[in-house]
Structures are given as structure tokens and as C-alpha cells.
1. Determine, from the Cβ-Cβ distance of residue 97 and residue 179 and an R0 of 35 Å, the FRET efficiency 1/(1 + (r/R0)^6), rounded to the nearest 0.05.
2. Using alpha carbon centroids, what distance separates segment 650-674 and segment 120-189, in Å?
3. Quick check: residue separation of residue 56 and residue 608 times 0.36 nm, minus the Cα distance between them. What number comes out in nm?
4. With label points built 7 Å along Cα→Cβ from the Cα atoms of residue 88 and residue 131, find their separation and express it in nm.
5. So how do 75, 169 line up by other beta-carbon neighbours within 10 Å, fewest first?
6. With a ≥ b ≥ c taken as the square roots of the eigenvalues of the C-alpha gyration tensor of segment 513-700, please select rounded if a/c is under 1.5 and otherwise prolate if a/b is larger than b/c or oblate if it is not?
7. For labels at residue 368 and residue 600 in the simple 7 Å Cα→Cβ model, what's the distance in nm?
8. Over what distance in Å are the Cα centres of segment 590-628 and segment 403-473 separated?
């Protein structure tokens, strides 16, 4: 029990305390053996320890700055990847918007700049008169890693070229100011092991503080006592300043700047009287034993932890962010190891997030179906975060029904249920901001029925419109800030992709529909019919075409005006769209003529559809204004492959012939080409059909479609 208690106390004690205990034991042994051994050695050891400590802390400080450069490089490399695609496409506005969003995620004092946009801080462009901009631009042009602005303030500068963009680059600059130096000093330790850090240029202070002197004023002269330190970069000296002995070490930063690290030296005592030789020999033996104990303690509590830390930091320098840093004991080295481990985890999360955003952007910009792209986005999110499932639910619109895609979800998701089922997805849709929502799916919700419990969901919001939601589900160790940031970024990218697809679909629909009736136009009809003909011939499947013509349409125009004619066409288009089957295509052929294409439909099935259309049109009366209502009728000609013809490519022409057969038989009827007794071949009837068309056109409309 006592041994376990001692081990626990040793583990929790700081290295300074343990080392002080060992030295205290050593002092007691020496004092008990002789009063003649000068304890001035302790003071000398204290000065030596202080020198080593100052040199070590200066080295650690330089390494911490190097790690900040690594973090900045990783971050700016991710930004360069994001802007590469829009810049390659000549879209500098999108690239500038990406830069503005990314600058919001930086340190409040950092400057994010590029070759194509004004430098930004906190999402806002920096005015041209800013004292730092010119110096940062010059440092980037000269590929320097440290810049000094007009006010004399130093900056860490990291730049990354943009792949595939001639002369393109992105850079980030972090000011080495009082806040930067204060955080650096805090990382070096506290309490009895505290160190002060200052930045100096030549013989003047730039910023920071000095042990014994406190905070320094920018431009103040370096005390003469520190002169030797400037001539020994990398080493350390003892300096008397402010009535205290301090250990000081100077490390160059570049561009004339140096880092000055100082710490207090412990006090020593004078000499005691001598003793006899035998007692001195005994004391020496005791000292050797104590030194052996110190060596064992240092080997176990200092050298080994430092070796483990060194290996882990070397992995960070190689940009291997998967090597974890052992935490060690609750001492200075343990705290330093935990600080490096937090930095490693943050860098790894930042790098993984940047890579995921680049993959997501690539998938959403690739030439592939929308649902395929969104499913691959879900896969990328799962791979990066380690979540068990990922899903994207999209609201329905006039262009498409609602749908859901997922990765890692075993059951098929019901998009409509998720959007209105009262679970986390529904809650995310109602959120007023784009901030991800973390929630638990209660029993009975669609998410719970799909086996999903803990969700991190974000709305797909653009302006005041919500297009859907994106969510991660069931991460073993819970969702953290990095996951929230990635979900929010992925939701923003997916929202832009959905809006882009929507605009493209609207443009395609407008290009393929008739402006007056809203049905497909002649150009789309021809392309669609060619595709269906090719499929029917290759698969040997039935295909039917109906040609429809409003009866006595010219009389309607002449009697009531073209406005009445247009209203009749619109009314007929609505009736036609509501009457045909969902799988059929209805198009305006030209004038008052329309075409319906029915895949996988034989002659009898097509006849039923045609009669349904004819009855629906004849069963309504159209109000054309002024208390006048007219009754419309329609003549329909039909032909089916292979029932009526062995050549599917003649369907449109044969349907036209059947239509005029219906009109000459009295209108308001359905005729199929096979209904004519003694059916002639198309070659023999061709001339007569042309004459019939011309005669009927003149009686009904006076024109034919422009083909």
C-alpha cells in the first residue's frame, strides 16, 4: 500500500519537484556526513540547470513556432485545393468567395491572401493602406518565411502555389505580436519553471517580456548585460538584470529577428567549515550514491520521455500525423507531450477536413448524376469522420420528387418521412442558421427506425430556402468541433451543387418545352422518338404513336380571335397532360397538332389511351370570355410497332396518315392505320395523303409545323 502511494505521488509530482527532492536528499546526506563540503556546488548546479533549461526552452520555442508553420502550411494547402477548380474554370468570383469563407476560420489576427484577390482578415478584405499588406506581398514575392511590416512588427508567412494555375498562389500570415509571444511562453511551462519570451531585432526589443524586467516596450534598447547572448545563438548565459540572475538564450528567427528566452536562476549559499578526511571520503561515497540515484531518475523520468517526444515530433516534421504522442506523467514533460498531442490531433483533423472538402468538391463538380455525386459525398464524410452512417435528404420540387442517399445505412430511407417525421433531420430543416445540430433520434422517428441514433445534421440552406439536410450518424467517440465544421462545409458545398443542378434542369426544361402549352416541343419530340425507336428495334418491344389535331381550329381563331385559339391550345394541353399515362410523352408538334409517344405499348393499349383523350376533350366546354363557351373536339390518328408496321422509323409519318384518315371520316374520332379496309402501302398512297393534308390544313388551320 505504501509503495503504491509513493508511486502515485511520484507520477503526479512535477519533474522539478522530483529533481528538487533528489537534490534535497543529496544535501541532507552531505550535511549529515560533514559540514565541510561546500554547498556552493548546489548553487553552481542550479546555475547549470538554469542554463540548460533556458537553452532547452529556446529550442522548444523554436520547435513550437516550426509546428505553427506546419499547421499554417496544411491549412493554406487545403485552401489552395478548394480554389483550384474555380480558378481553372476562370471563375475568380467563386474562388474569392471561398477565400472569404476560409478567412473566417483563421485566427482573428491572421491575414489570408492570394494572387487573385485582396488579402482578407476575418472574412473582410483589408484596405490597401494597411501597413502590413505591402510587406506581406514582398515576402511572398521573395519566398521569405518571415516578413517585417512598416511598423516593425514581424509576421510568419507561408505560401502554397495553386496547382494548374499559372502564377497562382495562396498565402497566410500570422503576426508575431504580444499575444503570440504570451501563448508561446505559456506553452513552455509555468510556476517555478516559468520562462519569459521576447522578440528582438539587432539591439532593440520588438515585443514580449524578460525575466526580472517584465513586459518590454517596442523599440526599447536591449540592456548591455544581454550583449554576449546575441553573440552566442543557440547557447545560453547568466545575466544579472533587475536585481535577479536570469539565464538567457537567443535563437535566430530570420530576417534580422531573434527569439530571446529567459528564466530565473535559483539562489545558492556560501561555504561551510571543513571536516576530517575520513568523513569527506564518506561524503564523497554518499554523493556518488546520490548521483547514481539522480542518474536513474533522470534516465527514467527525463531522457526516456524526451526520446518518445522527440520521435513523435520528428513524425510531425515528416507530416505523419497518425503517430500519437504518449501523455507521460503529470509533470512538465507530460504537459508538453499533451500539448503536442492536442496540436497533432488538431492538425490531423484539419488536414483530414481539408482533404475531405477537396474530395467533396471534386465529386460535386464531376460529370455524373446528382444522386451518384451526393452518395459519394456521404462516403467521403464517413471515411473522414469514422461515423457509422451518413445521409443527404433533398426536398421535392417542381423538377423532381424528394429523395435520400446514404452510406453505411442498412435500410432504405424514406425521404418524405425524414423530412416531416419530427426527428433530428426535421429539426435541422427548421434551424435558422447553417450551424450543425447534434441530437438523439427518439423511438418512433424515421431515423430511429433506420437504426440511427446520435446525429449531427445541418440544413442545406441557400438564402431563405431550405433544400434538404445533410447528417452524420453514430460516431463511436462522439462528434467534435472538427466534425461540426466538416458537416457545415459539406452542407454548403452540397447546397451549391443542388442549386447548380436545379438551374441547369430549369434551363434544359425551358429549352425543351413549348412556351405556350408547357408541353415538350418539336425538337425534343424528335430526339425522344429517335431514342425510343432505337430501343424498340433493338429490344423488339412495342411502341405506339398518336397524332392529335384540334378540329376546326381555324374557325375558332377566325370567329373569336387568336386569344381564344391560344386559350384553347393551353386548355387542351392541360387536358392531355392529365389524361395520358405518367410513362407517356406528350408534345406539341406544331400549330394545333400534338403527338403522344407510348413506349412498351401495343395497338389495343394505345387505342384505349386515345379514346380516353378524345372523351376527356369532348366532355368539357371552354369558356373564352364574354359569356361564350365552346366545345372542343379532337381527331386522333394512331400507329403501333410492330402491330401496324415492321419499320419503326415510319411511325410518325404513318400516324399522320391515320390522323387525316380520322379527319376525312368526320372528325372527333380515333383511327389507326390498320382500320382502313384494303390498306395501301405508303408508297402508293403518298401523293394522295399530301393532297389530303393540304386540303384539310387549309380548312382547319392554314399552316403546318416548322420542322
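1. Step by step, r from the Cβ atoms, then E = 0.75.
2. 78
3. Difference between extended and current length: 189.5 nm.
4. 4.2
5. Listing 75, 169 from fewest to most nearby Cβ atoms yields 169, 75.
6. Details: a/c = 1.90, a/b = 1.43, b/c = 1.33.
In terms of gyration-tensor shape, prolate.
7. With each label placed 7 Å out from Cα toward Cβ, I get 2.7 nm.
8. The distance from the Cα centre of segment 590-628 to that of segment 403-473 comes to 43 Å.
Coordinate-derived values only; no laboratory data. The model shown is predicted, which means the values in this text are computed figures rather than measured ones. Cβ sites come from the backbone with ideal geometry, for glycine too, and all protein chains shown count toward neighbours.
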